[in-house]
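Take a look at the structure below.
The values are calculated or read from the model by the stated rules, or taken from the named source; none is laboratory data. These numbers were taken from a predicted model, which means no experiment stands behind them. Please note: Cβ atoms are built from the backbone with ideal geometry, for glycine as well, and neighbour counts cover all protein chains shown.
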């Protein structure tokens with residue numbers, strides 16, 4: 001086993017005079033489970049692959065024995081691909097795996113690991129351990145530039161909640177390049193604020209805009225429609241968006257979609273079309289999106305139309 005040039009990187013200097021593997025079986029299994037949940041690659045895996053050029057990372061991490069921990073340590077400290085700063089950062093990650101953070105803190109102070117590197121590695125470690133609420137505090141620090149922002153977004157949304165995903169993107173403002181990432185962010189926005197999701201849909205590439213608008217309509221009609229369906233009719237659609245919106249409602253069918261369309265037609269001044277909808281709803285005895293009396297509403301529309309009413 002090679003001996004590192006820097007005494008601070010020697011195994012005992014980093015991990016102490018351990019005589020047994022600090023990774024118990026339960027911790028090894030937990031790390032492996034988290035790797036599966038993260039689509040087969042931890043954020044630490046990515047660091048080992050991209051920076052240290054280590055192959056077959058799952059065979060090295062998590063260490064199954066003290067000798068395998070020493071082997072991983074040796075791969076890091078003797079890597080020709082790593083400068084001292086990156087070596088310190090990777091070792092700091094491993095020390096965060098220990099039951100307490102005392103050794104990690106002491107090591108960082110001893111090697112003068114910059115605070116922004118400490119914060120970045122801490123954020124990635126929290127993501128790998130699925131401590132997602134805690135990770136946000138570090139991910140959104142101004143001096144931290146998280147790698148793999150789209151992977152982080154998917155993780156926060158899938159295993160966290162929409163608020164975490166939106167907070168991350170709003171604070172870090174990474175460029176989302178894949179349609180999947182844009183859709184994930186749109187879905188997160190949608191669950192927090194249909195209005196914000198609508199505005200984001202306009203910023204999306206043209207080939208996604210109609211899809212996102214249809215998703216917005218579907219969500220509002222099927223999720224708390226007493227509130228969300230009425231939000232739809234107040235959105236400032238362009239002429240092209242109106243076509244997508246109207247076609248979406250008509251293709252969905254169902255009472256809520258029909259009633260929402262009637263209300264929207266009234267807002268647009270399309271009274272003749274709205275009247276037909278109210279008569280259909282009244283004939284069925286439906287209560288409407290918010291308990292609307294369609295029969296009374298229809299009579300009011302007829303009165304308003306007066307001589308313009310089509311026979």
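Values for this structure:
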{"read-out": "Entirely in the stretch 209-299, the helices (runs of 4 or more DSSP H) that have 3 or more residues that are surrounded by fewer than 21 Cβ atoms within 10 Å (Cβ to Cβ) and modelled with pLDDT of 80 or more", "value": "225-233, 239-252, 255-267"}
{"read-out": "From 92, 23, 61, residue being at pLDDT below 95 and touching a helix residue (DSSP H, G or I) at 6+ places or on another chain (Cβ under 9 Å)", "value": "23"}
{"read-out": "Meets criteria (in contact (Cβ under 8 Å) with a residue 12 or more places away in the chain and either more than 20 Å from residue 35 (Cα to Cα) or touching a strand residue (DSSP E or B) at 6+ places or on another chain (Cβ under 6 Å) (or both)) for residue 133", "value": "no"}
{"read-out": "Leading residue by the ranking (nearest to the chain's Cα centre (by Cα)) among those in the stretch 20-35 that are outside any helix (DSSP H, G or I) and surrounded by fewer than 16 Cβ atoms within 10 Å (Cβ to Cβ)", "value": "24"}
{"read-out": "Pick from the stretch 135-157, criterion exposed (fewer than 13 other Cβ atoms within 10 Å of the Cβ) and over 18 Å from residue 176 (Cβ atoms), ranking: farthest from the chain's Cα centre (by Cα)", "value": "143"}
{"read-out": "Hey, residue 124 touching a residue at least 40 places away in the same chain (Cβ under 8 Å) and outside the structural domain of residue 28 (by TED's automatic domain parsing) or not", "value": "yes"}
{"read-out": "Which listed residue is within 29 Å of residue 184 (Cβ to Cβ) and assigned to a helix (DSSP H, G or I), from 166, 144", "value": "166"}
{"read-out": "Qualifying residue in the stretch 31-42 (condition: over 26 Å from residue 152 (Cβ atoms) and assigned by TED's automatic domain parsing to the domain that holds residue 85)", "value": "no"}
{"read-out": "Candidates 188, 197, filtered to the one that is over 24 Å from residue 38 (Cβ atoms), under 15 Å from the mean Cα position of the chain (by Cα) and modelled with pLDDT of 95 or more", "value": "197"}
{"read-out": "Pair list, Cβ < 9 Å and 6+ apart or interchain, from the stretch 66-90 residues that are assigned by TED's automatic domain parsing to the domain that holds residue 15 to residues that are surrounded by fewer than 16 Cβ atoms within 10 Å (Cβ to Cβ) and part of a helix (DSSP H, G or I)", "value": "68/59"}
